[in-house]
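S.K.: Below is a structure I'd like to ask you about.
The values are calculated or read from the model by the stated rules, or taken from the named source; none is laboratory data. Quick caveat: nothing in here was measured; it's all calculated off a predicted structure. Backbone-built Cβ (ideal geometry, glycine too); neighbour counts: all protein chains shown. Remember, those area values only see protein heavy atoms, side chains included, never the ligands or the DNA or RNA. Shrake-Rupley method; radii C 1.70, N 1.55, O 1.52, S 1.80 Å.
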Amino acid sequence: MELHLLTGYQGFYGQARKPLVSIDTDRFVRHLEAKGIEVIQADWKDLASGSWQPQDSTILYSFSQLPHIRGWLKDQLTNLAISNRLIPSLPLLLCHENKGFSWLYQQKLGITEPRAWYLCHPDDIPADLPYPIVLKTISGTNAKGVWLCKDRTELLGKVASLAPKLSVWDTLDHFRRVHFRKGRSYEGYPDFEPKSDAAAWLEYRRPGAAFLLQEYISGLDCDYRVIAIGTRLYVMRRLTREGDFRASGTKLFDFSAQVPEGLLEFAADIAKRFDTPFLSMDIGHKQGRSYLFEFQASHFGTAAIVRSQGFYTRKQGEWQFQEVKSELEKTLAAGLLEYLEIAAH
């Protein structure tokens, strides 16, 4: 079995404790090769130079949180996906750091709770939203760019604050268009009028921001970070701080908490719908129901793997806890191998 591994420079594969820290890529490759996988390595330099041009191949890629590389790499990988298989899949690549597309994609997979609205203008906010409502910026981690808005007035104010301010140069240019364009006309455009044109120009230039609204599930003092690696489920409970509804970013972890009934089955069902060997899920649970708040297929926190005492797996129809310390590279390799074996059949 052959696998192309696309890393960053110097073998960087950013799936460790932080996106700036690489796993031990050599160790990861050794675990794969020990299971009979032929690993062909390339990095971003090979991709940029054109010296690496796989066709009809399976590509496991490392992504980047750096904005200038992220955009470039998405373009390159989207092009590669035309004639190759990406791991994680192309839709999951487009979901990375894009909560708006993530919501659109999960709906396609039948995951529709909690409800959400992906919008680009405050005028599009529905009149019948259930308040309070969670407002999220399209990118961001560790609860940055997440607020709970109690009513429409607060929501509109917060949405307005997301947009950058009009630049000084645009303000000056608008003044020039309003006061110094008297009598100007354009051949072929008899309806041209300087002041109305200036107003339209200002509206066009005014910065805005896309955003996501998500239904608020009240009364939660925690959520659950569940990482699916193949058929293994690693679970940690994330506590909220007093007076705050957000569990992400608190660093208040519990690795020994009792898992609510039905949560493992819910997480396994969600993971099965995505085309990836690795999936991190933030799940809320209330009154016997589970809710997927967010998911990531790359560059997610791995504390639930490396700090846990073991993982859950289903045997003979029952969930069982396997008490074992997990090495990150070996665990990722095992999940990838399981995924490739299923795909081969």
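S.K.: In percent, how large is the relative contact order of region 8-99, given Cα pairs closer than 8 Å and 6 or more residues apart? Don't jump to the answer; show the numbers that get you there.
M.R.: Values: 78 pairs, mean separation 23.0, N = 92.
Once divided by the residue count of region 8-99, the mean separation gives 25 percent.
S.K.: Counting pairwise Cα distances across region 13-77, what percent come out greater than 16 angstrom?
M.R.: Numbers: 1156 of 2080 pairs.
Pairs farther apart than 16 Å: 56 percent.
S.K.: Something else: What do you get for Rg/Rh of the chain when both radii come from the Cα atoms and Rh is the Kirkwood radius?
M.R.: On the way: Rg = 23.9 Å, Rh = 22.7 Å.
With Rg and the Kirkwood Rh in hand, the quotient comes to 1.05.
S.K.: Tell me the label-point distance for the pair Lys195, Gln320, using the 7 Å Cα-to-Cβ offset, in nm and rounded to one decimal.
M.R.: In this crude spin-label approximation the distance works out to 8.1 nm.
S.K.: Pairing the Cα long axis of helix 99-108 with the longest principal axis of the chain, what angle in degrees results, from 0 to 90 and rounded to the nearest 10?
M.R.: The helix 99-108 is inclined about 60 degrees to the chain.
S.K.: Treating the beta-carbon of each Lys and Arg as +1 and of each Asp and Glu as -1, no other charges, what is the dipole magnitude of the chain about its Cα centre, to the nearest 20 debye?
M.R.: Numbers: 42 positive and 41 negative charges, 176 e Å.
The calculation lands at about 840 debye.
S.K.: Counting alpha carbon pairs within less than 8 Å and at least 6 residues apart, what relative contact order, in whole percent, applies to region 130-266? Present the calculation step by step, with values, prior to reporting the outcome.
M.R.: Working: 160 pairs, mean separation 33.1, N = 137.
Answer for region 130-266 is 24 percent.
S.K.: Still on this model: Residue-wise, which Karplus ³J(HN,Hα) couplings in Hz belong to region 41-49, taking 6.51 cos²θ - 1.76 cosθ + 1.60, θ = phi - 60°, and x for glycine or proline?
M.R.: 9, 8, 10, 4, 5, 5, 5, 5, 7
S.K.: If you don't mind, another one. Leaving out ligands and nucleic acids, and using a 1.4 Å probe, what accessible area per residue does region 233-345 come to in Å²?
M.R.: On the way: 5620 Å² over 113 residues.
Per-residue value: 50 Å².
S.K.: Ignoring everything except DSSP H segments at least 4 long, calculate the 222 nm mean residue ellipticity for the chain; use -39,500 (n - 2.57) per segment, divide by total residues, nearest 500.
M.R.: Numbers: 11 runs with 113 residues, N = 345.
Calculated from helices alone, the mean residue ellipticity at 222 nm is -9500 deg cm²/dmol.
S.K.: Using DSSP loop states and a limit of at most 15 other Cβ atoms within 10 Å to flag trypsin sites (Lys or Arg not before Pro), what is the longest stretch of the chain containing no flagged site?
M.R.: Values: sites that count: Arg17, Lys35, Arg115, Lys144, Lys150, Lys165, Arg181, Lys182, Arg184, Arg241, Lys251, Arg307, Lys325.
Maximal segment without exposed cleavage sites: 36-114.
S.K.: Hey, which lysines would be in cross-link range of Lys251, C-alpha to C-alpha under 24 Å, not counting anything within fewer than 8 residues on its own chain?
M.R.: List returned: Lys18, Lys99, Lys136, Lys144, Lys286, Lys325.
S.K.: How big is the Kirkwood radius of region 44-163, worked out from every pair of different alpha carbons and given in Å to one decimal?
M.R.: Working: mean 1/r = 0.0595 Å⁻¹.
About 16.8 Å, per the Kirkwood formula over Cα pairs.
S.K.: Rounded to the nearest whole Å², what accessible area per residue is found for region 66-124 with the 1.4 Å probe? Write out the running numbers ahead of the final one.
M.R.: Working: 2940 Å² over 59 residues.
Result: 50 Å² of accessible area for each residue.
S.K.: I want the antiparallel fraction of DSSP beta bridges within region 1-89, as a percent rounded to 5.
M.R.: On the way: 0 of 12 bridges.
Beta bridges within region 1-89, antiparallel portion: roughly 0 percent.
S.K.: Another one. Over the chain, what percent of the accessible surface lies on carbon and sulfur atoms, probe 1.4 Å? Don't skip to the end; give the middle numbers.
M.R.: On the way: 9280 of 18420 Å².
Within the chain, the accessible surface is 50 percent carbon and sulfur.
S.K.: When a/c is below 1.5 the answer is rounded, else prolate if a/b is larger than b/c, else oblate, so apply that to region 1-45 with a ≥ b ≥ c taken from the square roots of the Cα gyration tensor eigenvalues. Intermediate results must be reported in sequence, preceding the final value.
M.R.: Numbers: a/c = 2.91, a/b = 1.50, b/c = 1.95.
Oblate is the answer for region 1-45, as a/c is 1.5 or above yet b/c matches or exceeds a/b.
S.K.: In the chain, once you exclude exposed chymotrypsin sites (Phe, Trp or Tyr not before Pro) (DSSP loop, at most 13 other Cβ within 10 angstrom), what's the longest stretch remaining? Don't jump to the answer; show the numbers that get you there.
M.R.: Values: sites that count: Phe180, Phe192.
Counting at most 13 other Cβ atoms within 10 Å as exposed, the longest clean stretch of the chain is 1-179.
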